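Just below is one structure, and these are the notes that go with it.
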Amino acid sequence: MKIQYKLSLTFILLLIFGVTAISSYSIVFIRGYLLSEAVENMEADARQIMLTFSTASGSESQLRSIQENLRSDQRYRVLLFDQMGNTPDGDNPFESGDFSSPFSIQIQEKLLSGGRESLEIINERQLDSIYIYSLIAMDDGAIYFAEISRPKSEIFKPIRTIRWIIYSGMFISIAIILFVSFIFSQYLSRPIVQIIDSSRKIADGDTNHKLEVNRSDEFGTLASSINEMSAKLQAENQKLADINEKQKQMLADIAHEIRNPVHTLMGTMEILEMDGLSAEKKQRCIQTAKNQAARINTLFNDLMTLQRSELEAKFIEMKSFDFFELAKKAEQNVQHLLQNHDLTFIVKGKSQQVMGDPNKLIQVIDNLISNAIKYTPEGRVALEWTKKGDHVEIKITDSGIGIAQEHIPRIFDRFYRTDKARSRDSGGLGLGLSVVKTILDAHKAPFEVSSSVGEGTVVTFYLKSA
């Protein structure tokens with residue numbers, strides 16, 4: 001069952017129950033009110049009737065005359081009888097089969113003990129009339145009892161009209177309730193249906209869908225929350241798509257990078273298997289195989305570094321060390337690269353304590369210097385550092401071919417090359433600068449690159465001074 005029908009049915013049942021309960025209570029209240037008013041009026045009228053009887057001065061003829069006059073009042077039935085049940089006419093109404101009265105010896109005793117002013121009201125649920133009894137003492141000592149009664153059916157005659165009015169109003173109210181509850185349930189259920197439909201569309205992948213519920217209540221708040229969730233899902237989906245695309249590209253790049261050295265190794269091994277190979281050629285083949293093996297080893301080491309940075313909480317271990325010692329070690333590491341270049345390598349700086357992980361930062365320095373040497377056919381490459389405030393500024397400067405401005409924002413991306421052919425020829429894998437960025441980010445060390453084509457490149461980063 002749809003929520004609209006559930007809401008309508010709930011409203012209808014609740015309101016019908018409420019209207020029925022109020023109507024029933026009103027009828028019961030009116031019945032009680034009419035009965036109470038009737039008893040009160042009868043009591044006042046009974047006292048007036050008793051006062052009228054008291055003017056009879058002991059004459060039974062006068063009693064009969066007064067009784068006849070009172071019978072003309074259609075509201076009450078008035079009856080006089082003595083202790084034996086006989087009327088002043090000598091009749092005994094108690095002996096007739098169609099006469100019923102609750103008069104009893106107990107009532108006689110109460111009236112006799114109460115005197116002329118006492119009234120006894122009999123209004124019991126099982127009786128169909130209300131009875132009021134009074135004592136009448138004659139001057140000659142005779143005692144009569146007056147019975148005044150009125151049928152309850154006459155008292156409750158207005159109830160029929162009132163009941164008809166109430167029930168008519170109740171049915172009209174129910175009809176109005178049916179109409180209003182249907183409209184109101186539509187008003188309440190419309191945003192719920194919209195939210196359900198939108199949630200299904202979002203669940204099916206339509207994160208561009210926007211829920212339009214222009215309301216300031218809880219439904220409007222819920223709609224805004226769903227739109228925010230949809231926007232976040234859209235952003236996350238885009239991130240996942242970008243990551244997936246990068247992973248695909250990365251796997252393709254890894255496969256490509258491994259394929260080249262593997263093919264070279266296989267070709268070298270085939271050459272080494274040839275008969276009559278000179279010792280010089282054999283040595284060159286072995287050196288080529290070593291270079292390609294080192295290239296594959298560097299590739300996997302860089303990949304491991306990048307993976308560890310993403311998975312390990314303690315990728316770096318911060319401690320205080322002398323950057324001058326690290327620079328000297330880096331100078332030794334790149335000496336073999338300088339043998340085939342007409343370059344001047346400069347290390348400039350004094351002893352300076354910094355905070356960082358020296359084992360990771362040596363990779364940064366080695367990669368940046370190696371990169372500078374590769375793209376500087378001649379001129380100079382320099383490693384310099386100076387203290388500035390609470391940081392140490394470290395610069396790797398070269399006078400090489402430089403980098404075009406459009407490439408600078410992407411040079412730290414994995415496997416990105418400004419000149420793929422030259423990078424492969426020089427043994428580059430496109431991961432060195434990615435490793436640099438990863439390590440510097442782990443140190444929360446800001447860095448920047450400035451370069452112009454033909455004028456060289458400057459890479460600057462900052463470490464905290466110890």
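Of everything listed in (1) in a helix (DSSP H, G or I); (2) over 30 Å from Lys6 (Cα atoms); (3) free of Cβ contacts under 8 Å to residues at least 12 places away in the same chain, the single unmet condition for Ser100 is (1).
Each row is one residue, and each column tells you yes or no for (1) at pLDDT 90 or above; (2) within 20 Å of Val436 (Cβ to Cβ); (3) outside any loop (DSSP other than H, G, I, E, B).
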site: Met304; (1), (2), (3): no, yes, yes
site: Glu310; (1), (2), (3): no, yes, yes
site: His336; (1), (2), (3): no, no, yes
site: Asn340; (1), (2), (3): no, no, no
site: Val347; (1), (2), (3): yes, yes, yes
site: Ser351; (1), (2), (3): yes, no, no
site: Ile365; (1), (2), (3): yes, yes, yes
site: Leu368; (1), (2), (3): yes, yes, yes
site: Asn371; (1), (2), (3): no, yes, yes
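If the condition is being over 16 Å from Ser100 (Cα atoms) and in a strand (DSSP E or B), then region 136-150 contributes Ile136, Ala137, Ile143, Tyr144. Applying the set (1) among the charged types (D, E, K, R); (2) at pLDDT 85 or above; (3) under 47 Å from the mean Cα position of the chain (by Cα) to Glu393 leaves exactly one unmet item: (3).
Do we have Tyr131 as out of contact with any Gly (no Cβ under 6 Å at 6 or more places or on another chain) and either assigned to a helix (DSSP H, G or I) or not assigned by TED's automatic domain parsing to the domain that holds Leu14 (or both) here? No.
Checking every residue in region 210-228 against the condition of being assigned by TED's automatic domain parsing to the domain that holds Ile296, part of a loop (DSSP other than H, G, I, E, B), hydroxyl-bearing (Ser, Thr, Tyr) and without any contact (Cβ under 8 Å) to a residue 40 or more places away in the chain gives at least one match. Output the residue which, of all residues in region 131-145 that are under 13 Å from Gly114 (Cα atoms) and of a type in the set (A, V, I, L, M), is surrounded by the fewest Cβ atoms within 10 Å (Cβ to Cβ). Across region 131-145, the extreme among qualifying residues is Ala137. Checking each residue in region 314-369 for being small (Gly, Ala, Ser) and surrounded by 13 or more Cβ atoms within 10 Å (Cβ to Cβ) picks out Ala327, Ala330, Gly349, Gly356. What do you reckon, is Thr10 surrounded by fewer than 16 Cβ atoms within 10 Å (Cβ to Cβ), of a type in the set (S, T, N, Q), at pLDDT 75 or above and in a helix (DSSP H, G or I)? Judged against the criteria, Thr10 is a match.
Remark: Glu120 matches the filter, which requires a residue to be among the charged types (D, E, K, R), under 14 Å from Glu147 (Cα atoms) and modelled with pLDDT of 80 or more.
Test Ser153 against the criterion of being under 60 Å from the mean Cα position of the chain (by Cα), part of a helix (DSSP H, G or I) and modelled with pLDDT of 80 or more, and give yes or no. Here the answer is no, as Ser153 does not meet what is asked.
The values are calculated or read from the model by the stated rules, or taken from the named source; none is laboratory data. Only a predicted model underlies this, so the values are computations on that prediction, with no experimental measurement involved. Neighbour counts run over all protein chains shown; Cβ positions are idealised from the backbone, glycine included.
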